[in-house]
1. So what's the back-of-envelope 222 nm ellipticity for the chain, counting only DSSP H runs of four-plus at -39500 (n - 2.57) apiece and dividing by all residues, rounded to 500?
2. Round to a whole number: what % of the accessible area of the stretch 1-46 belongs to carbon and sulfur, probe 1.4 Å?
3. Would you mind computing, in nm to one decimal, how far apart the modelled labels at Glu113 and Arg70 are, each placed 7 Å from Cα along Cα→Cβ?
4. Counting only DSSP beta bridges with both residues in the chain, what percent are antiparallel, rounded to the nearest 5?
5. Quick one: accessible area per residue over the stretch 1-140, 1.4 Å probe, rounded to a whole number of Å²?
6. Under a straight-distance cross-link criterion of Cα-Cα below 17 Å, which aspartates and glutamates are reachable from Lys165, leaving out those fewer than 8 residues away in the same chain?
7. With a 10 Å radius around each residue's Cβ, average the other Cβ atoms per peptide and rank 17-25, 214-222, 93-101, highest first.
8. What spacing in nm lies between the two simple spin-label points modelled at Glu100 and Arg59, each 7 Å away from Cα in the Cβ direction?
Amino acid sequence: GCRREWIAVDGPAGAGKSSLARALAKALGYRYIDTGATYRAAALAVLQAGVHPGDPASRSRIVDIVRRVRIRLGTDPRVDLPSRVFLDGRDVSTSIRSLEVGQAASTIATIPEVRRVLAELQRRMAEEGPCVMDGRDIGTVVLKEACVKLYVTASLEERARRRAKELQEIEGQVPVSLEEIEEQLAMRDQQDATRQDAPLRAAEDAVTLDTTGQTPGEVLERALAICRECLGDGG
Ligand code: CDP
Ligand code: CDP
């Protein structure tokens, strides 16, 4: 059956998933679960262990690290801004936002055993109560039973511009050009959309929202209208 207490938000990097998912959660009184943060935290653990995320010879070590680390997310959309993320009890909310960690996250996310471990964690969190969850495979795999599924997109240029602005605000992030960010996003989208296990794609029953040229407020209004329509009870 369909789970009314779950809302799935998927889409490529920088499309506006997390701002929309957080705003929706706030408006509806749900929790916000950032699954990208679980991949980023796992990737940070791999990098900090000195293991190369893309080295095929290190796969079993990577899976081992991901199985052993404790990842905890803050899920209150009113206070956890950006998502509070804890790796073995340490607050890594800011350090997981670098370009390097994003790329490493996408690389370890191609390993099926890594996906299995993190999807189980995500699913357990969703079972704790109503939530809006965002990522790449939420509507297709993790919360397939969600009643409302949104697929958020925006042009590559706009996504790169948004990400550039965000990166500027991260302390210790080496300045990168807009071209380089665009290139990295395109690479990551390609890697995410072409992997064998749970590739990035819109679920058949998802509604697509193109956010190019739209403010977060406008996107939220459209999404709330879709939620009301899907849930069909005016609320
Ligand atoms: O989660 P995802 O990578 O899909 O994107 P995000 O973190 O929600 O959005 C990336 C950046 O774009 C954030 O700084 C947002 O404030 C901004 N944004 C925007 O300017 N207009 C929107 N309609 C959505 C997000
Ligand atoms: O915020 P942004 O859109 O840049 O990325 P993210 O949501 O933090 O996710 C980082 C990486 O984790 C993505 O490029 C994906 O490769 C992976 N990921 C995934 O495979 N499945 C998810 N449900 C969420 C993230």
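The values are calculated or read from the model by the stated rules, or taken from the named source; none is laboratory data. On a predicted model such as this, the values are computed, not experimentally measured, just so you know. A quick note on method: Cβ atoms are made from the backbone with ideal geometry, for glycine too, and the neighbour counts reach across all protein chains shown. Each accessible area value is taken on the protein alone, full model and side chains, heavy atoms only, with ligands, DNA and RNA left out. Shrake-Rupley method; radii C 1.70, N 1.55, O 1.52, S 1.80 Å.
1. So the helix-based figure for the chain works out to -14500 deg cm²/dmol.
2. Here it works out to 50 percent.
3. Here the answer is 2.3 nm between the modelled labels.
4. Around 20 percent of the beta bridges assigned by DSSP in the chain are antiparallel ones.
5. Value for the stretch 1-140: 40 Å² per residue.
6. Answer for Lys165, where 17 Å is the Cα cut-off: Glu100, Glu157, Glu179, Glu180, Glu182, Glu183, listed by chain and number.
7. Packing proxy ranking, top to bottom: 17-25, 93-101, 214-222.
8. Reported label-point gap for Glu100 and Arg59 is 2.6 nm.
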